[in-house]
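Quick one: the structure is below, and I'll ask about it shortly.
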Amino acid sequence: MPGAIYAEGLVKTFGDVRALDGVDLDVPEGTVLGLLGPNGAGKTTAVRCLTTLLQPDSGKAVVAGLDVLKQPNEVRRSIGLSGQFAAVDEYLTGRENLQMVGQLYQMKAKAAKARAAELLDQFDLADAADRPAKTYSGGMRRRLDLAAALVVSPPVMFMDEPTTGLDPRNRQLLWDVIKRLVSGGTTLLLTTQYLEEADHLAHDIVVVDHGHVIARGTSDELKARTGGERVEVVVHEREHIATAGEVLTGFGKGELTVEEHTRKLTVPVTGGAKLLAEVIRELDVRGIEIDDIGLRRPTLDDVFLSLTGHVAEVKEEDNGAPEKAAAKDRRHKKEAAK
Ligand SMILES: Nc1ncnc2c1ncn2[C@@H]1O[C@H](COP(=O)(O)OP(=O)(O)O)[C@@H](O)[C@H]1O
Ligand SMILES: [Mg+2]
């Protein structure tokens with residue numbers, strides 16, 4: 001039986017760009033899928049297809065047991081969507097935004113009011129509830145956006161980069177909300193470029209690049225597949241980065257990564273502690289002073305790098321222009337409520 005979110009062979013092209021090139025997904029009910037990929041990989045396109053905002057060229061999608069192509073209205077009533085294209089109306093207050101969503105989903109006015117109050121509390125927005133959303137900070141706006149997606153407690157949620165650009169405190173706050181949500185049985189598809197976020201929240205991970213699924217599994221499975229340990233060295237002098245890089249490449253079994261600003265070099269190795277001792281000797285012979293050296297297991301960042309050839313990085317500007325998108329989104333919501 002397919003899961004709460006299911007896709008088979010999803011294809012979506014924009015002119016020459018194959019944004020989705022045959023994507024399969026299956027998210028069991030009550031679990032979190034982390035959809036990862038570099039910028040332009042097709043994450044948002046996948047979310048938009050699955051949430052009826054875009055019509056795929058071909059393929060099949062079933063969400064909450066409903067055929068996305070044949071029953072779009074029913075699907076819209078069963079899902080919540082939040083994230084990159086935030087659906088917040090700038091000119092309404094936080095409270096009005098939430099009440100409006102409730103009414104779009106045909107809640108009685110009284111029920112919509114009560115639900116709004118409950119969510120404002122839960123999202124730490126009660127104090128700002130009666131100020132227009134345009135006076136909110138980025139973190140508050142994201143919280144309002146997420147709250148808006150939860151007005152009707154949908155069984156299936158989609159979040160497109162819900163914490164991009166947030167400070168650590170707000171990110172933690174959202175993570176807590178998300179965890180509570182999932183423990184209540186919600187199925188969630190989450191896109192993110194923060195691999196720590198996927199590590200933290202997702203049961204399963206799917207990595208996409210150029211519209212293709214290039215890997216899937218649990219975080220641990222992906223790390224195990226990426227294999228082996230890493231030697232990580234922090235050199236004392238910036239000028240020694242290049243030479244240290246040569247040394248590490250000599251011992252390494254894969255691509256060297258260098259973080260210039262922290263003077264940290266990392267390379268995958270096999271050979272454990274014995275090899276580490278050899279690396280230390282060789283660095284010493286070359287007169288390279290080190291601040292820190294160690295062996296560590298691969299992180300999800302290593303997995304991402306080895307799969308996509310990119311270091312995961314968030315480009316803030318990709319999250320821009322929420323206002324325009326929000327207007328479009330509202331139009332959509334109104335249609336959805338019909
Ligand atoms: N409306 C659109 N018109 C033209 N190209 C688009 C459109 N939406 C997305 N694309 C292209 O499709 C690809 C995937 O984009 P997207 O799904 O936004 O990636 P991601 O969310 O992973 O960064 C990119 O090459 C992007 O430029
Ligand atoms: Mg995107």
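Please list the non-local residues whose amide H lies under 5 Å from the amide H of I290, H modeled 1.01 Å from N, same-chain partners needing a gap of 5 or more.
H236
Here's a follow-up. At what distance in angstrom do the alpha carbon centres of segment 200-220 and segment 113-180 lie from each other?
26
Starting from the Cα gyration tensor of segment 119-198, take the square roots of the eigenvalues, sort them a ≥ b ≥ c, and report rounded, prolate or oblate (rounded when a/c is under 1.5, otherwise prolate if a/b is larger than b/c, else oblate).
Taking the square roots of the gyration eigenvalues as a ≥ b ≥ c, segment 119-198 is oblate.
So what is the calculated 222 nm ellipticity per residue for the chain, using -39500 (n - 2.57) for each DSSP H run with n of 4 or more, over all residues, to the nearest 500 deg cm²/dmol?
About -12000 deg cm²/dmol.
Shifting gears a bit: What FRET efficiency, computed as 1/(1 + (r/R0)^6) with R0 = 35 Å and r the Cβ-Cβ distance, is obtained for E237 and V11, rounded to the nearest 0.05?
The pair E237/V11 has a calculated efficiency of 0.10.
How high is the relative contact order of segment 74-141, given as a whole-number percent (alpha carbon pairs under 8 Å, six or more residues apart)?
Relative contact order of segment 74-141: 39 percent.
Past 22 Å, Cα to Cα: identify those pairs from K12/K179; K108/K179; K70/K179; K12/K60; K12/K70, in the order given.
Those over the limit are K12/K179; K108/K179; K70/K179.
Show the residues, 5+ positions off or on another chain, whose built amide H is closer than 5 Å to the amide H of T191.
Close amide H contacts, sequence-distant or interchain: L35, M159, D160, E161.
With Kirkwood's inverse mean 1/r over C-alpha pairs for Rh, give me the Rg to Rh ratio of the chain, two decimals please.
Looking at the chain, the ratio lands at 1.05.
Next question, about the same structure. Going by how many other Cβ atoms sit within 10 Å of their own, how do R76, R169 line up, fewest first?
Taking fewest neighbouring Cβ atoms as first place, the list is R169, R76.
Hey, what do the phi angles of segment 167-184 turn into as Karplus ³J(HN,Hα) couplings, whole Hz, using 6.51/-1.76/1.60 and θ = phi - 60°, x for Gly and Pro?
Going residue by residue, I get 6, x, 5, 5, 4, 4, 4, 5, 4, 4, 4, 4, 5, 4, 4, 5, 5, x Hz, with x marking Gly and Pro.
Each residue of segment 236-244 in order: what ³J(HN,Hα) in whole Hz does its phi give by Karplus 6.51 cos²θ - 1.76 cosθ + 1.60, θ = phi - 60°, with x for Gly and Pro?
Rounded to whole hertz, the list is 6, 10, 4, 5, 8, 4, 5, 5, 4.
Ranked from highest to lowest mean number of other Cβ atoms within 10 Å per residue, what is the order of the peptides 218-225, 33-40, 107-114?
Order by mean packing, descending: 33-40, 218-225, 107-114.
How high is the relative contact order of the chain? Use alpha-carbon pairs under 8 Å, at least six apart in sequence, and give a whole percent.
21
Could you name the aspartates and glutamates in cross-link range of K110, using Cα to Cα under 20 Å and dropping any fewer than eight places away on the same chain?
E96, E118, D121, D130
Report the local net charge at R95: Lys and Arg +1, Asp and Glu -1, summed over other residues whose C-beta lies under 13 Å from its C-beta.
Charge balance near R95 sits at -3.
Read-outs throughout are calculated quantities, based only on the coordinates presented, and are distinct from any laboratory measurement. These figures come from a predicted structure and were not determined experimentally. Methodologically, a virtual Cβ is constructed for each residue, glycine included, from the backbone with ideal geometry; neighbour enumeration extends over all protein chains shown.
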